[in-house]
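**Student:** Could you have a look at this structure, given as structure tokens, before my questions?
The values are calculated or read from the model by the stated rules, or taken from the named source; none is laboratory data. Being a predicted model, the structure only gives us computed values, none of them experimental. Please note: Cβ atoms are built from the backbone with ideal geometry, for glycine as well, and neighbour counts cover all protein chains shown. Remember, those area values only see protein heavy atoms, side chains included, never the ligands or the DNA or RNA. Shrake-Rupley method; radii C 1.70, N 1.55, O 1.52, S 1.80 Å.
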Amino acid sequence: MQECGLVATDIACRRGDRILFRGLSLSVRSGGIVHLAGPNGIGKSSLIRILAGLLRPYAGMVERTGGIALADERLALDGHQPLAQALAFWQRIDRAEPEQADFGLADLLDVPVRYLSTGQRKRAALARVAASGAPLWLLDEPLNGLDTYWTEQAQAAIDAHCRAGGAVVIASHQPLALEAVDEIKLLDFQV
Amino acid sequence: MIRKLWPIFTRDLALLTRGAQGRGGAVLPLLFFLAVAMLFPFAVGPDARLLARTGAGVIWVAALLAAILPLDRLVEPDVEAGLFDQWALRGISEEALLAVRVLAHWLSFGVPLMLAAPLSAGLLSLDAQQLWTVELGLLLGTPGLAAIGVTIAALTAGMRAGAALGGLLAIPMAVPLLIFGAGSLQPDGEGGLALLAACSLVALAVAPFAGGAAIRAGRE
């Protein structure tokens, strides 16, 4: 897998008139997992978007090496298409070797995306991320809506991705059952 | 880059031509265009001379109104679904995406209008010479209408009441196209075609950059 890394220095985030947090630095490289923890509204999703380069930080800078895959609350799959076709659209753009991760979607491939349940949509998003071939995964609440079995399976897939040389940043208010996670509590940086 | 844009182009074209879940698509603006051309003779009466004199202008008004219909599903659904974010992460610029979308939009709306124009020319009793000028005008003018449509759609994506606002914004921007398009059908109006093409080119040149900036600004 291609070399990857993410270094964020002294990030501050402003939404509207409020500064959500400031002075936050983090770095992750191949094999590393960072868990962004904190209560609702603390700015986890905004930080994920800043790390992805979709949102400009109010202060600080982010350096990225390697491709990025993002899974947030927006599925980015065409609702009217069967899941197989919707996923195939991204594969035609990415043309990557899909990772051998099973999210139990085999029975759902002919179901239009808009009929998928919350947990199934989450698994579809993770499958899209895994198939992108990007080494750096940014996951916003990846375990929301997953049942106990798939919570374990999803974490196993994240773990396997890191063992293969990838890096993962997870924003989640839930505790993670992953080993060697670098946890960053956003509350510590609240203004 | 082309390799990445091709699947996006085919998806855009399929989505704009057939519509999602068989709704929308290219048929609705087309029927709307024909309906306006059909209503006009009912409104002003069957006087063939009057129809022939005003008919070309009616075709252009109908084309403009038909261009407004699909505005709300040109960009908004893909911003909402996070597709533009995903494309940005893959290093595909918004400008390239919107240029592709203008092309797909034109193919799904401009070309059908040109195919339907002979039918509406018959309803408005235009002669062959006028029909030829209308077709030429549509060929030059509808790319501009498509570009204006995509620009406005990108500007209003994510706004509440964006659909209604988009229509109101598009009308004044399309006025030059309407003037030169309809004007080219007046006696000695051929110069209008050149000005029509010029307006179209300006709209086509501006659309990807204005729309791209709007989508990036919408992320904040």
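**Student:** Provide a single number: the residues in the stretch B:89-118 that are touching a Gly at 6+ places or on another chain (Cβ under 9 Å) and farther than 24 Å from B:Ala203 by Cα.
**Tutor:** The number of residues fulfilling the criteria is 3.
**Student:** To continue, here is another question. Report whether or not B:Phe84 is open to solvent by 10 Å² or more (accessible area, probe 1.4 Å) and among the hydrophobic types (A, V, I, L, M, F, W, C).
**Tutor:** Working: open to solvent by 10 Å² or more (accessible area, probe 1.4 Å): no; among the hydrophobic types (A, V, I, L, M, F, W, C): yes.
No, not satisfied.
**Student:** Given the residues B:Gly82, B:Gly25, which is the only one that is under 30 Å from A:Glu73 (Cβ atoms) and at pLDDT below 85?
**Tutor:** After applying the criteria, what remains is B:Gly25.
**Student:** Where the second residue is of a type outside the set (A, V, I, L, M, F, W, C) and surrounded by fewer than 19 Cβ atoms within 10 Å (Cβ to Cβ) and the first is under 14 Å from A:Ile50 (Cα atoms) and lies in the stretch B:207-220, which pairs have Cβ atoms under 8 Å and are six or more apart or on separate chains?
**Tutor:** B:Glu220/A:Arg56
**Student:** Could you pull out the residue among B:Ala66, B:Ala146 that is touching a His at 6+ places or on another chain (Cβ under 9 Å) and crowded, with 23+ Cβ neighbours inside 10 Å?
**Tutor:** After ruling out the rest, the residue left standing is B:Ala146.
**Student:** Suppose the filter is farther than 28 Å from B:Leu5 by Cβ and exposed (fewer than 15 other Cβ atoms within 10 Å of the Cβ); does A:Asp147 pass it?
**Tutor:** Here the answer is yes, as A:Asp147 does meet what is asked.
**Student:** Quick one: would you say A:Leu87 is away from every other protein chain (no Cβ under 11 Å), assigned to a helix (DSSP H, G or I), at pLDDT below 95 and open to solvent by 10 Å² or more (accessible area, probe 1.4 Å)?
**Tutor:** When the stated conditions are applied, A:Leu87 passes them.
**Student:** Looking at the stretch B:119-126, can you tell me whether even one residue there is hydroxyl-bearing (Ser, Thr, Tyr), part of a loop (DSSP other than H, G, I, E, B) and farther than 27 Å from B:Ala207 by Cα? Show your work before the answer.
**Tutor:** Step one: list which residues in the stretch B:119-126 are hydroxyl-bearing (Ser, Thr, Tyr), which gives B:120, B:125.
Subset that is part of a loop (DSSP other than H, G, I, E, B): B:125.
With the extra rule that they be farther than 27 Å from B:Ala207 by Cα, the set shrinks to B:125.
Taking every residue of the stretch B:119-126 in turn, at least one turns out to be hydroxyl-bearing (Ser, Thr, Tyr), part of a loop (DSSP other than H, G, I, E, B) and farther than 27 Å from B:Ala207 by Cα.
**Student:** Restricting attention to the stretch A:27-64, and to residues there that are surrounded by fewer than 17 Cβ atoms within 10 Å (Cβ to Cβ), touching a residue at least 24 places away in the same chain (Cβ under 8 Å) and closer than 16 Å to A:Gly16 by Cα, which single residue is nearest to the other protein chains (Cβ to nearest Cβ)?
**Tutor:** This residue is A:Tyr58.
**Student:** Right, next: Restricting attention to the stretch B:87-114, report how many residues are among the acidic types (Asp, Glu), more than 12 Å from chain A (Cβ to nearest Cβ) and surrounded by 19 or more Cβ atoms within 10 Å (Cβ to Cβ). Quick ask: steps written out before the conclusion?
**Tutor:** Step one: filter the stretch B:87-114 for residues among the acidic types (Asp, Glu), giving B:94-95.
From the residues that got through so far, the ones that are more than 12 Å from chain A (Cβ to nearest Cβ) too are B:95.
Then drop every residue that is not surrounded by 19 or more Cβ atoms within 10 Å (Cβ to Cβ), which leaves none.
Number satisfying all stated conditions: 0.
**Student:** Here are the criteria: (1) farther than 30 Å from A:Cys13 by Cα; (2) in a helix (DSSP H, G or I); (3) away from chain B (no Cβ under 13 Å). Tell me which single one A:Phe103 does not satisfy.
**Tutor:** That leaves (2) as the condition not met.
**Student:** Of the conditions (1) within 14 Å of chain A (Cβ to nearest Cβ); (2) open to solvent by less than 70 Å² (accessible area, probe 1.4 Å); (3) free of Cβ contacts under 8 Å to residues at least 24 places away in the same chain, B:Glu76 satisfies every one except a single condition; which number is it?
**Tutor:** Answer for B:Glu76: the failing condition is (3).
**Student:** Determine whether the stretch A:65-80 contains at least one residue that is within 30 Å of B:Leu5 (Cα to Cα), open to solvent by 60 Å² or more (accessible area, probe 1.4 Å) and more than 10 Å from every other protein chain (Cβ to nearest Cβ).
**Tutor:** Of all residues in the stretch A:65-80, those within 30 Å of B:Leu5 (Cα to Cα) come to A:65-80.
After this cut, where a residue has to be open to solvent by 60 Å² or more (accessible area, probe 1.4 Å) as well, the list is A:65, A:73-74.
Filter again for more than 10 Å from every other protein chain (Cβ to nearest Cβ), leaving A:65.
Scanning the stretch A:65-80 turns up at least one residue that is within 30 Å of B:Leu5 (Cα to Cα), open to solvent by 60 Å² or more (accessible area, probe 1.4 Å) and more than 10 Å from every other protein chain (Cβ to nearest Cβ).
**Student:** Out of curiosity, is B:Ala35 surrounded by fewer than 17 Cβ atoms within 10 Å (Cβ to Cβ) and more than 14 Å from chain A (Cβ to nearest Cβ)?
**Tutor:** yes
**Student:** Assess whether A:Leu139 counts as being touching a strand residue (DSSP E or B) at 6+ places or on another chain (Cβ under 9 Å), in a strand (DSSP E or B) and either touching a residue at least 40 places away in the same chain (Cβ under 8 Å) or not charged (D, E, K, R) (or both). Quick ask: steps written out before the conclusion?
**Tutor:** On the way: touching a strand residue (DSSP E or B) at 6+ places or on another chain (Cβ under 9 Å): yes; in a strand (DSSP E or B): yes; either touching a residue at least 40 places away in the same chain (Cβ under 8 Å) or not charged (D, E, K, R) (or both): yes.
Yes: the conditions hold for A:Leu139.
**Student:** Follow-up question, since we're still on this one. Quick one: which strands (runs of 3 or more DSSP E) sit completely within the stretch A:26-81 and have at least 1 residues that are closer than 15 Å to A:Asp182 by Cβ?
**Tutor:** On the way: elements: A:33-37, A:59-65, A:68-71.
Per the criteria, A:33-37.
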